[in-house]
Amino acid sequence: MEVTCLACGHRAETAGQSPGESILVCDECSARMSFGRIMPRIVVEPHVDEHRRWLRLRFQDPTTKADVHVADLDAQYAASVAKNILSLVIP
């Protein structure tokens, strides 16, 4: 099956995968698509201020890579969010 990237228009073979069954990654622009929709890019980076340390999550537009939303999480809350996400993904 051939799939067209929703971000850059690149066409590629999916090697028998159905576009709705898994996450597809474009070979050209690294955009991720799932269930026929393009997923936002999420960049996780450590951030240090003069008073504290935290994790900065930057949600980016997949085509322009411009920040759409930025969230700063303290270490304990970030670990809690990560555990909750893993509990949804790993049975």
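Structure data summary
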read-out: Close pairs (9 angstrom Cβ cut-off, 6 or more residues apart or separate chains): not assigned by TED's automatic domain parsing to the domain that holds His10 and small (Gly, Ala, Ser) in segment 60-77, exposed (fewer than 13 other Cβ atoms within 10 Å of the Cβ) and part of a strand (DSSP E or B) anywhere; value: Ala75/Arg53
read-out: Elements of type strands (runs of 3 or more DSSP E) in segment 18-91, at least 3 residues being basic (Lys, Arg) and farther than 27 Å from Met1 by Cα; value: 53-60
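The values are calculated or read from the model by the stated rules, or taken from the named source; none is laboratory data. Just so you know, these numbers come straight off a predicted model, no measurement behind them. Because the Cβ atoms are built from the backbone with ideal geometry, glycine has one as well, and the counts that use them run over all protein chains shown.
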